[in-house]
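Scroll down for the structure; my scribbles are underneath it.
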Amino acid sequence: MIASISPIASGFCLTDIEDPRYQYISSLRNRFGMFLHKASMSLQHQGEENTVDAVDMLIRAVRTYLLEYGDSRDNYTVNEEQYRNEKNVARNFAHQKVWPRAIYVRRARYYHSARLHWNSIERRRGAIENALIDDVVEWSLWHYAIIRRSSQSLLDSICEFYDGVRRRALPVLFKALDPGTDDDRMKGALWTLNLPSLGKYAISGLGSFLEPNHLVYDIPTPRVDKAIAQLRATLCLSDDPEERDLVFRLRKQRMERSQLFENAAQRNILSVLDVGESESTHWRYEIVATRALRTLVRRDAPTSPRHLQYFLDRVYDDHPTITDAGPQYAQRAVTKIARNIKLRTFCITPMDLALMRVRNPLKMKMVIEPSHKLTAKVLADYRTPFDLNQDIRKPSVLSSGKVALITEKNYLTRQFLDRNPPGWVAWDDFVALYLPPSPTKSAFSAWDPTSKDTIETLRNSAIDPEFWEEVSERYAEETQETTLTQDNASFVKSIFQLLQDEPFEALRPTLEKLLQNKDQNKQRAAAEFVAGLISGSKHWSTTKQEKIWNWFKPFLKQLFLNIKADTLMIWTTFFEHIFYHTDPRRVQPLVEFIINEFKNIDYNAEMTFDGIKVLSLFRAFYEELGRKFDAWTEDTLARTWAEINSEHDDWRPKPSLPTPEVFVKECQVVPKDFDIMGMRGVFHKERVDELVHRFGVWRNERLPGVRAYQSTYDK
């Protein structure tokens, strides 16, 4: 169905079709269109020489014929911008209603161009328009690039003004992609299909361009819901044989179409793999193949072992140019594959997989009974370490398949709350807590069975020490990076999430060499490996986690001593990566290490950098924890107050009950002078009073002359 819209009176001189003048001008326009079509046909059959300028003039003439309608195509946008600019210049205050005469004149021009623009869109195509559109499509495939570009730009604009252009052009473009077609013609077809107006339409209409995606948006649409209900009612009719036959035929055709999409996707993957694995493929096309294969990694279907092996081989590609881009795309592809395996494991139904609704067996949804005591207890419990040797996966407060009620009396310290806890002002109705894994059993019994061969392929590479040697060489290359690279850490994390501690012994010799090397690039590579290892061990059995921590803890002190100015940001970003959205009890050894270093910091050390590196790591610790750092706040303030005299903000809400309803209600009824947020008082009044008193003493003790900077008062 071709769309059409009602025209708007726009001041055209000739509007009556029966008027002889109208017919005369219309005939002139038709003659001009036929002239352009005949000229196009003639130029297509002439030789290649001395025709480029003529074709360029022809394309510009076709643009005028098809797009210029009462006004230039860009005049609407120009008038809109000029009107807004002049209005902004003349505005004296907000919501101004009265304007100078020039603004009204400019608005009249803008409105008139808008009416002309309205009449120029969704225009009907006749025989001449169809012939000229076909000519433009052919010129978009011509062997001269300058003509192809101008024709493709014109075709993109025509799609905005005429309906049905894509359906008319795509068969010609698809035919130009057949094997044996001239290279320039195929190149023109590819560039034309890449136009914004044609690309999405081509993907939906051609199987070989398909990458399956399933997006479902939960948007209220009453009319659509009603239509769906009527359709379902129609499909349920089983009395009429014709209707049943129609449903069966539609179902069969839909299944055939889905299978065609599936076959086309698999053919694409195999074809690109053949190109990427070929030794004769140029390195630029190998990068393109890697990017294309990464795009073809699907969530709704398992990745083949060959597909994964291709990425694993490119993670440490030794080509001097591919090293910059190829491994980066390959690493992201492996991370994407691992993520899809986890989704296919934890998503029970296809709808869950489409919506990415993960059913983590360690995640528990708890109902909250809000109170200030509960808030204080939750924040205080972050400082209580876990006993990883106890089997605490099934606390008594939880009952299988039910949602437990959490209060300050039965809140257990044996559950993880990774994200910032609610309750700063009010609690949510529910909160997600995570049980720690078992001391001996894996939290996840088995990964997706359809991905078994893919996981085995990953295992064969990850348990090979040479694989990690190659990867470490690339990570430790000399670059301009001064921070931990997230892609590298995520790649290592994905491997250890799927395979748990199986690759650790293969990685261990390589990692220990990097940890002992003081070179900046070697330290960055070590930080990336350790960050991925710790993050990937999150859901291992606690026995395996304890094994990793027992190995890593002896390196912590030496790593801290080896930190220099050029490696400080590396290990700072390492701590930021580890503590981001993480319950500090999951990484208790790191917490204990950084707290111990902070307590023993020497503010009067000979080397200023000795204190800077401690404070830098400690700042990463408390900034990433956010409100979870509350349990250490008072101790931190007591330790630093005498040294730096810094102000510490400690905002705490003061509604009678930390729920949204009570908070909003009390904000409406309490007097204006009531400090419901607890933010109008003086924080640490005793410390401030003491500091003011000491300022007077230090002022009297201030050294005179050039030695004044050495006085406590000046410090």
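The values are calculated or read from the model by the stated rules, or taken from the named source; none is laboratory data. On a predicted model such as this, the values are computed, not experimentally measured, just so you know. Note: ideal-geometry Cβ built from the backbone for every residue, glycine included; neighbour counts use all protein chains shown. With ligands, DNA and RNA removed, areas are computed over all heavy atoms of the protein, side chains included. Shrake-Rupley method; radii C 1.70, N 1.55, O 1.52, S 1.80 Å.
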Taking a crude spin-label model, label points 7 Å out from Cα along the C-beta direction, the Ala108 to Arg419 distance in nm is 5.7
Compactness summary of segment 224-294: radius of gyration and Dmax from Cα atoms, Å, are 21.7, 63
Summed over the other residues with a beta carbon less than 12 angstrom from that of Ala61, with K and R at +1 and D and E at -1, the charge totals -1
The pairs in Lys452/Lys538; Lys373/Lys564; Lys342/Lys544; Lys365/Lys613; Lys493/Lys613; Lys226/Lys452 lying past 32 Å Cα-Cα in this model are Lys373/Lys564; Lys365/Lys613; Lys226/Lys452
SASA check, Phe575, accessible area w/ 1.4 Å probe, all protein chains in place, rounded to nearest 10 Å², comes out at 10
If every Lys and Arg gets +1 and every Asp and Glu gets -1 at its Cβ, then about the Cα centre segment 1-106 yields a dipole, in debye to the nearest 20, of 600
Residue-normalised value, i.e. accessible area per residue, for segment 27-88 at 1.4 Å probe, in Å², stands at 64
Of Phe93, Phe695, Phe444, Phe311, ordered by accessible area with the largest first and a 1.4 Å probe, the sequence is Phe93, Phe695, Phe444, Phe311
Karplus-derived 3J(HN,Hα) from phi for segment 274-287 (6.51 cos²θ - 1.76 cosθ + 1.60, θ = phi - 60°), whole Hz, x at Gly and Pro, runs 4, 5, x, 7, 5, 5, 8, 6, 5, 4, 5, 6, 5, 5
Most packed first (mean Cβ within 10 Å per residue), the peptides 173-182, 363-372, 120-129 order as 363-372, 120-129, 173-182
With DSSP loop assignment and no more than 15 other C-beta atoms within 10 Å, the trypsin sites (Lys or Arg not before Pro) in segment 259-361 are Arg357, Arg359
Rounded to the nearest 10 Å², the accessible area of Val137 using a 1.4 Å probe with every protein chain kept is 0
Scalar couplings 3J(HN,Hα) for segment 135-150 by Karplus 6.51 cos²θ - 1.76 cosθ + 1.60 (θ = phi - 60°), nearest whole Hz, x for Gly and Pro, are 5, 5, 4, 5, 5, 5, 10, 6, 7, 8, 5, 5, 6, 4, 5, 5
Order by accessible surface, 1.4 Å probe, largest leading, for residues Val105, Val136 comes to Val105, Val136
Whole-number value, in Å³ per residue, for the convex hull of the alpha carbons of segment 453-510 is 84
Here segment 502-518 yields Karplus 3J(HN,Hα) values (6.51, -1.76, 1.60; θ = phi - 60°; whole Hz; Gly and Pro given as x) of 4, x, 5, 5, 6, 7, 3, x, 5, 5, 5, 5, 5, 5, 8, 8, 8
Of Arg249, Arg223, Arg232, Arg383, ordered by accessible area with the largest first and a 1.4 Å probe, the sequence is Arg223, Arg232, Arg249, Arg383
Using a 1.4 Å probe on heavy atoms of the protein chains only, the accessible area for Phe416 in Å², nearest 10, reads 10
In Å², rounded to a whole number, the accessible area per residue of segment 237-367 with probe 1.4 Å is 58
